[in-house]
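Undergrad: My structure is below; once you've seen it, I'll send some questions.
The values are calculated or read from the model by the stated rules, or taken from the named source; none is laboratory data. Because the structure is a prediction, the values reported are computed rather than measured. Cβ sites come from the backbone with ideal geometry, for glycine too, and all protein chains shown count toward neighbours.
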Amino acid sequence: MSKIRVTVWHENMHEKTDPRVLALYPNGIHGTIKGFLDENEDMEVRACTLDDPDQGLSDEILDNTDVLIWWGHMGHALVNDDRVQKVYDRVQDGMGLIALHSAHGSKIFAKLLGTRAWGITWRESDDRSLVWVVEPNHPIAAGLGRYIELEKEEMYGEPLQFPRPDEIVFISWFEGGEVMRSGLTYFRGNGRIFYFQPGHETYPSYNNPDVRKVITNAVRWANAGTKPQQPLNCPPPVAPIAPKNK
Ligand code: ZN
């Protein structure tokens, strides 16, 4: 069985300026995610950043990626439009995309969803958060209990300026009273997209075993996008067509 080729893409900017982030994620958020995904024998994982040649999003990398994981925040505007177009085209062709936390504001997420996907209310006040599983039979929720408990997370709240999702897997509650549809799937072209809210850079969410389980499950789910089919131009009918009286 061929392995799932996973690329973890990270802007890698907060790590350079905020020692709290580096303390939580000594190898960067991308290194942490690659680290726990590497434990799966069915995955072949690489990590890339905005500092790499072609912003870590070269044709060669993207043409050899089955599932792309995206974390961005400060650097959304720095990603070149031709790289965004390339990712967009790859998703149309069946590549999976997992957008984490503030990746909702990235160019690629907005382009694929067809809205700005911004407009989230947010607050950094160490809210406790419960990430409720609302579709327990969904493959992305496999192995979880009723909810994931996070001691601290950034509050993101409704209403979202996202288009209505195809599936809602999680809804998060925050200590300050807000809620958010926090685990969402979208089908675009031949590709599968999953958005997952936890993962503010100064909180240890990517070290949480359940969050890791969600991302691992999501890689396998997003890899199942259909492969592109060539349209047939004017094919012969599959059944005889009776002559019509004019
Ligand atoms: Zn954040």
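Undergrad: When you scan segment 22-47, how many residues do you find that are surrounded by fewer than 16 Cβ atoms within 10 Å (Cβ to Cβ) and part of a loop (DSSP other than H, G, I, E, B)?
TA: 7
Undergrad: Being touching a residue at least 60 places away in the same chain (Cβ under 8 Å), within 16 Å of the ligand (Cβ to nearest atom) and more than 9 Å from the chain's Cα centre (by Cα) is the filter here; which residues of segment 180-201 pass it?
TA: Met180, Gln197, Pro198, Gly199, His200, Glu201
Undergrad: When you check Arg192 against the structure, is it buried (at least 24 other Cβ atoms within 10 Å of the Cβ) and of a type outside the set (S, T, N, Q), yes or no?
TA: Numbers: buried (at least 24 other Cβ atoms within 10 Å of the Cβ): yes; of a type outside the set (S, T, N, Q): yes.
So Arg192 fits the description; yes.
Undergrad: Same structure again: Restricting attention to segment 208-246, which residues are buried (at least 17 other Cβ atoms within 10 Å of the Cβ) and closer than 13 Å to Val67 by Cα?
TA: Residues satisfying the conditions are Ile215, Thr216, Asn217, Ala218, Val219, Arg220, Trp221, Ala222, Asn223, Gly225.
Undergrad: Out of Phe162, Phe187, report the one residue that is surrounded by fewer than 21 Cβ atoms within 10 Å (Cβ to Cβ) and among the aromatic types (Phe, Trp, Tyr).
TA: Numbers: Phe162 fails: surrounded by fewer than 21 Cβ atoms within 10 Å (Cβ to Cβ).
Result: Phe187 is the single residue among Phe162, Phe187 that is surrounded by fewer than 21 Cβ atoms within 10 Å (Cβ to Cβ) and among the aromatic types (Phe, Trp, Tyr).
Undergrad: Given the criteria more than 16 Å from the ligand (Cβ to nearest atom) and either among the basic types (Lys, Arg) or closer than 29 Å to Leu144 by Cα (or both), does Gly177 qualify?
TA: In short, yes.
Undergrad: A further question follows. Restricting attention to segment 190-205, does a residue exist that is polar (S, T, N, Q), modelled with pLDDT under 95 and in contact with a Pro (Cβ under 7 Å, 6 or more places away or on another chain)? Outline the logic, then answer.
TA: Filtering segment 190-205 down to residues polar (S, T, N, Q) leaves 190, 197, 202, 205.
With modelled with pLDDT under 95 added as a condition, the list becomes 190.
Checking the rest, the ones that are also in contact with a Pro (Cβ under 7 Å, 6 or more places away or on another chain) come to 190.
Within segment 190-205, one or more residues are polar (S, T, N, Q), modelled with pLDDT under 95 and in contact with a Pro (Cβ under 7 Å, 6 or more places away or on another chain).
Undergrad: Grab the strands (runs of 3 or more DSSP E) fully contained in segment 84-160, keeping just those with 1 or more residues being of a type in the set (Val, Ile, Thr), under 13 Å from the mean Cα position of the chain (by Cα) and more than 16 Å from the ligand (Cβ to nearest atom). Working first, answer last.
TA: On the way: elements: 96-100, 121-133, 147-157.
Answer list for segment 84-160: 96-100.
Undergrad: When you check Leu50 against the structure, is it touching a Pro at 6+ places or on another chain (Cβ under 6 Å), in contact (Cβ under 8 Å) with a residue 12 or more places away in the chain and surrounded by 16 or more Cβ atoms within 10 Å (Cβ to Cβ), yes or no? Working first, answer last.
TA: Details: touching a Pro at 6+ places or on another chain (Cβ under 6 Å): no; in contact (Cβ under 8 Å) with a residue 12 or more places away in the chain: yes; surrounded by 16 or more Cβ atoms within 10 Å (Cβ to Cβ): yes.
For Leu50, the condition - touching a Pro at 6+ places or on another chain (Cβ under 6 Å), in contact (Cβ under 8 Å) with a residue 12 or more places away in the chain and surrounded by 16 or more Cβ atoms within 10 Å (Cβ to Cβ) - is not met.
Undergrad: While we're looking at this one, here's another question. What single numbered condition from (1) more than 14 Å from Arg192 (Cβ to Cβ); (2) more than 16 Å from the ligand (Cβ to nearest atom); (3) in contact with a helix residue (DSSP H, G or I) (Cβ under 8 Å, 6 or more places away or on another chain) fails to hold for Glu60?
TA: The single condition Glu60 does not satisfy is (3).
Undergrad: Counting only residues that are surrounded by fewer than 16 Cβ atoms within 10 Å (Cβ to Cβ) and touching a helix residue (DSSP H, G or I) at 6+ places or on another chain (Cβ under 9 Å), which one in segment 135-155 is farthest from Pro209 (Cα to Cα)?
TA: Taking segment 135-155 as the starting set, the residues that turn out to be surrounded by fewer than 16 Cβ atoms within 10 Å (Cβ to Cβ) are 135-137, 139, 142-143, 145-146, 149, 151.
From what is left, the residues that are touching a helix residue (DSSP H, G or I) at 6+ places or on another chain (Cβ under 9 Å) are 135, 139, 142-143, 145, 149.
Details: Glu135: 19, Pro139: 17, Ala142: 13, Gly143: 11, Gly145: 12, Glu149: 11 Å.
Selected residue: Glu135.
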